[in-house]
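Everything on this sheet refers to the single structure shown next.
The values are calculated or read from the model by the stated rules, or taken from the named source; none is laboratory data. Keep in mind that what you see is a predicted model, and the values were worked out from it rather than measured. Cβ coordinates were reconstructed from backbone atoms using ideal geometry, including for glycine residues, and neighbour counts include every protein chain displayed. Surface accessibility is based on the protein's heavy atoms, side chains included, excluding ligands, DNA and RNA. Shrake-Rupley method; radii C 1.70, N 1.55, O 1.52, S 1.80 Å.
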Amino acid sequence: MRAAQNIGRGIWLMVAVTLIFAIQDGISRHLSGAYNVYMVVTIRYWFFALFTLTLAARSSGGLRAALATQQPLVQTIRALLLVLEIVIVIQAFVHLGLIETHAVFAAYPLLVAALSGPVLGETVGWRRWTAIGIGFAGILIILQPGYGVFRPEAMIPLFGALLFALYSLLTRFAAKKDPASVSFYWTGLVGALVMTPLGLIFWQPMIASDWLWMGALCLTAVTAHFLLIQAYEIAEASAIQPFAYLQLVWVSGIGIWAFGDILRPNVALGAAVVVCAGLFTLWRARAKAETP
């Protein structure tokens, strides 16, 4: 039975989700600056897998029913895309900082709109294509190609955004045959299986205080995903998704306060252009869905 709709509460839950995700990103940057990224992501996935297995075992039909899928290849590919995206984006945190990484990563809804045609066969009208073009102009403002020395690492979060867009599209594709819970379980288990060999190969001793940070990283990840699921249960995605951009605000504050990141004018301007273009594509998608 679907929960009663409450858009106001859904918005506040989304605001909380963006704040927790921003804190999680700050912790990820701290740990990945001191330890190998593969090890950090592996431990995070171990906790995620344990959490999903616990939920699956307690669900109706047990673990076998929870993992039952009509499309194992699609579920595996989308889980692998998310693993790779997490590793790449955390690497970007270390090389570029939180602010610039998120400013570029904010383009992923535009990539979702652009790729929804070839991947899902959806129609993208000229208005959304215009917004996509404007959004990528914002990316160019952030990256400043041709001005001074262009840093190749600036492309890392853009590649991460592309991977996350593909993951989002495959998640929508998988939802046609599998419930969200199945996709959730496959995400955690496949991620843990793939990352475990890499994590063990690159394992490093961790001091006690950083194990506390690692515990906080795992708890924030689970809490944020749990609240996000609740938000989508009580409010339409189109009503609360625009508030996801608040994560850029929170993460900028954490980057400046905790890591000494600098909010350069071109990054602020470019991010504003990308966010406005993304909000327009969300509005157009909602308007199209409501058209009889």
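Numbers at a glance
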read-out: Any pair with Cβ under 6 angstrom, 6 or more apart, that starts in segment 276-289 at a residue that is within 14 Å of Ile240 (Cα to Cα) and ends at one that is modelled with pLDDT under 70; value: Arg286/Ser238
read-out: Residue match in segment 118-126 (condition: of a type in the set (A, V, I, L, M), touching a residue at least 60 places away in the same chain (Cβ under 8 Å) and assigned to a helix (DSSP H, G or I)); value: no
read-out: Test: Leu219 is over 20 Å from the mean Cα position of the chain (by Cα) and either open to solvent by 60 Å² or more (accessible area, probe 1.4 Å) or of a type in the set (Lys, Arg) (or both); value: no
read-out: Where Gly260 falls short, out of the listed (1) over 19 Å from the mean Cα position of the chain (by Cα); (2) at pLDDT below 85; (3) open to solvent by less than 80 Å² (accessible area, probe 1.4 Å); value: (2)
read-out: Selection within segment 54-102 - touching a Phe, Trp or Tyr at 6+ places or on another chain (Cβ under 8 Å), open to solvent by 40 Å² or more (accessible area, probe 1.4 Å) and at pLDDT below 90; value: Leu55, Leu67
read-out: Hits in segment 189-216 - residues which are over 22 Å from Met14 (Cα atoms), in a helix (DSSP H, G or I), open to solvent by less than 80 Å² (accessible area, probe 1.4 Å) and in contact (Cβ under 8 Å) with a residue 12 or more places away in the chain; value: Leu189, Val190, Gly191, Ala192, Val194, Met195, Thr196, Leu198, Gly199, Asp210, Met214
read-out: Cross-chain or 6+ apart pairs with Cβ under 7 Å, segment 229-252 first and over 18 Å from Ser168 (Cβ atoms) and buried (at least 20 other Cβ atoms within 10 Å of the Cβ), then at pLDDT 80 or above and of a type in the set (D, E, K, R); value: Val251/Asp25
read-out: Pairs with Cβ under 7 Å, 6+ apart, first in segment 36-65 and free of Cβ contacts under 8 Å to residues at least 40 places away in the same chain, second surrounded by 18 or more Cβ atoms within 10 Å (Cβ to Cβ); value: Leu63/Ala56
